[in-house]
Structures are given as structure tokens and as C-alpha cells.
1. Which residue is least open to solvent (accessible area, probe 1.4 Å), if the candidates are limited to segment 291-315 and must be more than 28 Å from the chain's Cα centre (by Cα) and touching a residue at least 12 places away in the same chain (Cβ under 8 Å)?
2. Are any residues in segment 1-49 among the hydrophobic types (A, V, I, L, M, F, W, C) and open to solvent by less than 20 Å² (accessible area, probe 1.4 Å), and if so, which ones?
3. If you scan segment 55-72, which residues turn out to be surrounded by 20 or more Cβ atoms within 10 Å (Cβ to Cβ) and under 15 Å from Val171 (Cβ atoms)?
4. In segment 78-110, which residue that is of a type in the set (Ser, Thr, Tyr) and either part of a helix (DSSP H, G or I) or touching a strand residue (DSSP E or B) at 6+ places or on another chain (Cβ under 9 Å) (or both) is surrounded by the fewest Cβ atoms within 10 Å (Cβ to Cβ)?
5. Here are some residues: Val171, Val158. Which one is within 28 Å of Ser45 (Cβ to Cβ), in contact (Cβ under 8 Å) with a residue 60 or more places away in the chain and outside any helix (DSSP H, G or I)?
6. Filter segment 291-311 for residues that are under 28 Å from Pro233 (Cβ atoms) and not in a loop (DSSP other than H, G, I, E, B); which is nearest to the ligand (Cβ to nearest atom)?
7. Would you pick out the residues in segment 179-215 that are small (Gly, Ala, Ser) and either within 13 Å of the chain's Cα centre (by Cα) or buried (at least 19 other Cβ atoms within 10 Å of the Cβ) (or both)?
8. Look through segment 273-290, keep the residues that are of a type outside the set (A, V, I, L, M), more than 16 Å from the ligand (Cβ to nearest atom) and exposed (fewer than 15 other Cβ atoms within 10 Å of the Cβ), and return whichever of them is modelled with the highest pLDDT.
Amino acid sequence: MSVEPLLEVTHLSKSFRVHGQTLQAVRDVSFTLAAGETLGLVGESGSGKSTLGRSLLWLLPPETGDVRFAGERLRTLSKQALRSRRKDMQIVFQDPVSALNPRANVFRNIEEPLLVHRMGTARERRQEVARLLSQVGLQEAHGLAYPFELSGGQQQRVMIARALALQPKLVVCDEMLSALDMSVQTQMMALLQQLQQEHHLAYVFISHNLSAVGYLSSHIAVMYLGKIVEYAPTEQLVASPVHPYTATLFQSILHIPESKAARSALTTLPGEIPSPVKVPMGCAFHTRCPHVQDVCRTQEPPSIQVAQGHFVACHLAKGDFA
Ligand code: SF4
């Protein structure tokens, strides 16, 4: 029996006008995500990960393509229906300082989504915020603190509590670990796993930290210049990457989740990612690819399946790699 995915993304594209030019941030992206699973999104800065994360939630509505959430096409929803549906789809940003209201205490910050959606009485909301604080490992007394009085890890816990307040089914985690030190990152990963098990949450986990992505994700999508160039179950992708870009990113992963080399892999790729305003013709990776062929400069490779659930967009994907 096939299970209907919680999230189904088909041919999603999003661009922006920048100084009279078109910046192609996300290009023809398709994937599915089941309830209780995690999709890791990796790629260098400028690969379109964060734009994709926001487009999934319709915070940045895509020009073309569809997002189906729990069977509903977000494109067809009225503003009111979309607002109501957003209760099920939350996002945790990289920088809690700018995401939290500095003039409100922690209690009020977590309570705010409940107030916006007119949920519960004042007493019920108080109880709910206390429960959420405890669930993310904070004390009730933290509710009286202001965001600036908390550590980075505590602020990110508040963000998670706030995201959970509406009991979502999907949480997009956008570089939420990158400002935290290693020991706090490890605590946050454990917390995300625990919450996923308790609530059957689905995550889209966007990160530069390949170790964290490998540790948390059931599937990984590798993005390059707005496209998913490889998608596979995590173990398969880490053990047998096919796309030359993925292979370069993951070549240093020796252990998940503790490899320092893996954490720096994204910064050791030779050359720079081209501007999304001028996406190269053919395969967008051809300007940096060690395996480039003539065909790569003129024809965009289709995404083909090379193993069960493993998709690759590369002209050499049938097995000509050395
Ligand atoms: Fe490299 Fe060509 Fe494959 Fe692109 S299509 S990744 S340039 S071999």
C-alpha cells in the first residue's frame, strides 16, 4: 500500500528581478516528503536552498510548479485558507535574535502564534507555553526572560517551542544550527530527533553542515544553482554519490556526525558557484566539473534514476565514472 506524501513538490521554480536582471533562485525542483521523515537540503551559498524552503511554505510563492501539502494544492487556496494551513507548516530561521520580538519576554514570544490564530483561553495558553518550554528543555522561569538574556542555544530552543506551538506537521529548519557551537548543535540535533519521534514531524533541514544533514536526514537533496542535481536515501547518497558535485561535497565524510572534514567540505570545492543571474548553458556545473564533456556545455542533463529512489542529473550518470 503506497502512503500519500505529506509534501509533494512538482516542477517548482522561483526567480527574482534584481537590477533589471532575472535571478533564477530555484529551477524546476520536484520531490516528495512523507510524515515523520527528514529531507536534508545541501549546497553552497547561492544554491537556492533557503528560497526553496520559503517557497515550500508559500512565504515566497513560486511562479511555476506546485506544492501539495496533505493533499491540498497551496496555489489554489484563498489567503484565509492558506493562513489557516500555515499552522501546519512552520519555519525555524538561522538567527533567532532577529526572528524573536526583543521587546516581548520568552513567554509572550511563544504565545504569539496562539494569539494570532485565536487558540485557547489565557489560562490554556499559559499552560501550553509552560509545556512547550519543558518540551524543548527550558525551565518555566525562562518564560520571564527576554531574548537578549538567553544564550544562542536557549534562543534557538525558544524558536523551536514557538514553531511547535501550533502543532505543525512540517518544520523547515533553515540553517538553524549554524550560529551555535558544536556542543549546542549536538543537543539541538538530539532535540529535533526526539520531537520528531514524539510528534511524527516532517523536517526539511537546510544546512551547510553535512555531518548534521547526514545524521538527521532520511533523504538528501543536493542543490546546485537552483536545481536538485542528486537525490537519494541518505546512506545511499553518502556511500555512493554519483554526481561529481555531490562526490566532491561528500568525499571528506568519514564519520557521521563527527567529521570535521565533512563540516568544511562545502568550503573546499574549487572555483566559485556562478551567479544565478547568469546560469551557464547546458549543465550548470560544467564550469567546475572535472568530468566535463562537450555535451555538458550545450545540453542540460535530465534527472535519471540510477538506483531505487536515487536520482541524478548528469550526462555520465549511467556509470562512466572512474
Ligand atoms: Fe559534469 Fe557533465 Fe555531469 Fe555536468 S553533466 S556534472 S558537467 S559530467
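The values are calculated or read from the model by the stated rules, or taken from the named source; none is laboratory data. In this text the structure is predicted, and so the values were computed from the model without any measurement. Backbone-built Cβ (ideal geometry, glycine too); neighbour counts: all protein chains shown. Accessible surface is based on the protein model in full, side chains and every heavy atom, while ligands, DNA and RNA are left aside. Shrake-Rupley method; radii C 1.70, N 1.55, O 1.52, S 1.80 Å.
1. Step one: of segment 291-315, the residues more than 28 Å from the chain's Cα centre (by Cα) are 291-299.
Those still in the list that are touching a residue at least 12 places away in the same chain (Cβ under 8 Å) too: 291, 293, 295-299.
Working: His291: 67, Gln293: 82, Val295: 52, Cys296: 14, Arg297: 108, Thr298: 86, Gln299: 104 Å².
Within segment 291-315, the match that is least open to solvent (accessible area, probe 1.4 Å) is Cys296.
2. Initially, segment 1-49 is screened for residues among the hydrophobic types (A, V, I, L, M, F, W, C), giving 1, 3, 6-7, 9, 12, 16, 18, 23, 25-26, 29, 31, 33-35, 39, 41-42.
If the condition is that a residue be among the hydrophobic types (A, V, I, L, M, F, W, C) and open to solvent by less than 20 Å² (accessible area, probe 1.4 Å), then Leu6, Leu7, Val9, Leu12, Ala25, Val26, Val29, Phe31, Leu33, Leu39, Leu41, Val42 are the ones that fit.
3. Narrowing segment 55-72 to residues surrounded by 20 or more Cβ atoms within 10 Å (Cβ to Cβ): 55-57, 62, 67, 69.
Correct list: Leu56, Leu57, Phe69.
4. Filtering segment 78-110 down to residues of a type in the set (Ser, Thr, Tyr) leaves 78, 84, 98.
Within this subset, residues satisfying the condition of being either part of a helix (DSSP H, G or I) or touching a strand residue (DSSP E or B) at 6+ places or on another chain (Cβ under 9 Å) (or both) are 84, 98.
Values: Ser84: 12, Ser98: 9.
In this case the residue turns out to be Ser98.
5. Details: Val158 fails: outside any helix (DSSP H, G or I).
It is Val171.
6. Residue satisfying both the conditions and the ranking: Cys296.
7. Start the filter on segment 179-215 by keeping residues that are small (Gly, Ala, Ser), which leaves 179, 183, 190, 202, 207, 211-212, 214.
Listed by number, the residues that qualify are Ala202, Ser207, Ser211, Ala212, Gly214.
8. We begin by selecting, within segment 273-290, every residue of a type outside the set (A, V, I, L, M); these are 274-276, 278, 280, 282-283, 285-290.
Filter once more, keeping what is more than 16 Å from the ligand (Cβ to nearest atom): 275-276, 278.
Filter once more, so that each one left must be exposed (fewer than 15 other Cβ atoms within 10 Å of the Cβ): 275, 278.
Values: Ser275: 88, Lys278: 91.
Here the answer is Lys278.
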